[in-house]
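Everything on this sheet refers to the single structure shown next.
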Amino acid sequence: MDAPISPHALVAPVQAALERILVGKARTVKLAFCCALAGGHLLLEDVPGVGKTTLAYGLTAVLGLEFKRLQFTADLLPADVVGVSIFDPEQRGFHFHKGPVFTQLLLADEINRATPKTQSALLEALAEGQVTVDGVRHALPQPFFVVATQNPHHQIGTFPLPESQLDRFLMRLTIGFPDRAAEREILTGGDRQAMAREQAPLLAPADLLALRAKARGIRCSEALLDYIQDLLAASRARPDWGGGFSPRAGLALRDAARAHALLQDRDYALPEDVQAVAVAVLAHRLPVGDPARDVERLLEVVAVP
């Protein structure tokens, strides 16, 4: 009988393929993949043209997921996201027509260009993996992974996501401009989005579900859980941070740290895993100040076990 394939043997080729697609952004690629392994949803915030959509295409391809893209605009309605019940005169009843949210990876492109009412149509899907239409619950395909992109809030025609919706995203990442060598590779190479769409699947949906189960089984010591709680408590002691981080933020930090440990080929999580994911997991949950720098300062002042 063949020996079972180790998780590291599954995830290493995925990371390598994503790094070829999104050149010079190894850390961003790692955290995005970590988000998928943790079972969360990903928010990519940056200026247009730095590779947000390309990364989403790359994740879809390597993970072998069914994919749909929904372009959010100011005139988009909630029914355009989740679907609508239409009366069928032959059947003398209503028939539910599924919206684009019924997929395994949904690219919610420029999500903050839609109105708050339409943005809120995704809340139940993000939190519970289902939608409710006319009082009937409809389960979404599994695995279900939302990659949302948004433009900076100062750009014209944007509606900032409310805190309750930001909290449903496990991570928020920025991509940033490439360094000179990476940009030269982009300039002299082929179409990166075409490269992503042509990438052969390296995992199947069942593999992703199995890796998520493996990540949930990563051991967290009592000392590590104390460290996470110390970070939460320190944030709550700051009156200028709007109350600090919630228990949900603590769960997100734990789950992301577990997934990061899995990528490091370990069956236990360490403080360095928490530190590696902390800014991506926590910064978008701070309503004021310089969130990324504030989380970095928090890591500096809270003692590591």
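The values are calculated or read from the model by the stated rules, or taken from the named source; none is laboratory data. Note that the coordinates shown come from a computational prediction; the quantities given were computed from them, not determined experimentally. Cβ coordinates were reconstructed from backbone atoms using ideal geometry, including for glycine residues, and neighbour counts include every protein chain displayed.
Show me the helices (runs of 4 or more DSSP H) found entirely inside region 70-132 where at least 3 residues are touching a residue at least 40 places away in the same chain (Cβ under 8 Å), out of contact with any helix residue (DSSP H, G or I) (no Cβ under 7 Å at 6 or more places or on another chain) and in the same structural domain as residue 150 (by TED's automatic domain parsing). Give the steps one after another, and end with the answer.
Details: elements: 78-82, 116-119, 123-128.
Output list reads 123-128.
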Members of region 100-114 that are at pLDDT below 90, in contact with a Leu (Cβ under 7 Å, 6 or more places away or on another chain) and not hydrophobic (A, V, I, L, M, F, W, C): 112
Count of region 263-305 residues which are more than 15 Å from residue 232 (Cα to Cα), acidic (Asp, Glu) and surrounded by 14 or more Cβ atoms within 10 Å (Cβ to Cβ): 1
Number of the exception - residue 202 against (1) over 30 Å from residue 160 (Cα atoms); (2) surrounded by fewer than 22 Cβ atoms within 10 Å (Cβ to Cβ); (3) at pLDDT 95 or above: (3)
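Would it be correct to say that residue 164 is part of a helix (DSSP H, G or I), outside the structural domain of residue 286 (by TED's automatic domain parsing), over 22 Å from residue 83 (Cβ atoms) and polar (S, T, N, Q)?
In short, yes.
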Residue within region 170-180 that is within 20 Å of residue 251 (Cβ to Cβ) and without any contact (Cβ under 8 Å) to a residue 60 or more places away in the chain present: no
Residue satisfying condition, being surrounded by fewer than 16 Cβ atoms within 10 Å (Cβ to Cβ), in a helix (DSSP H, G or I), touching a residue at least 12 places away in the same chain (Cβ under 8 Å) and in contact with a helix residue (DSSP H, G or I) (Cβ under 8 Å, 6 or more places away or on another chain), within set 212, 197: 197
So residue 244, is it without any contact (Cβ under 8 Å) to a residue 40 or more places away in the chain and more than 25 Å from residue 297 (Cβ to Cβ): no
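One line per residue, one yes/no per condition, for (1) of a type in the set (S, T, N, Q); (2) farther than 20 Å from residue 171 by Cβ; (3) surrounded by 14 or more Cβ atoms within 10 Å (Cβ to Cβ):
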position	(1), (2), (3)
26	no, no, no
29	no, no, yes
35	no, no, yes
49	no, yes, no
62	no, no, yes
73	yes, yes, yes
93	no, yes, no
96	no, yes, yes
Residue list for region 37-57, restricted to those being in a helix (DSSP H, G or I) and touching a strand residue (DSSP E or B) at 6+ places or on another chain (Cβ under 6 Å): 52, 56
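In this structure, is residue 117 among the charged types (D, E, K, R) and at pLDDT 90 or above? Working first, answer last.
Working: among the charged types (D, E, K, R): yes; at pLDDT 90 or above: no.
Judged against the criteria, residue 117 is not a match.
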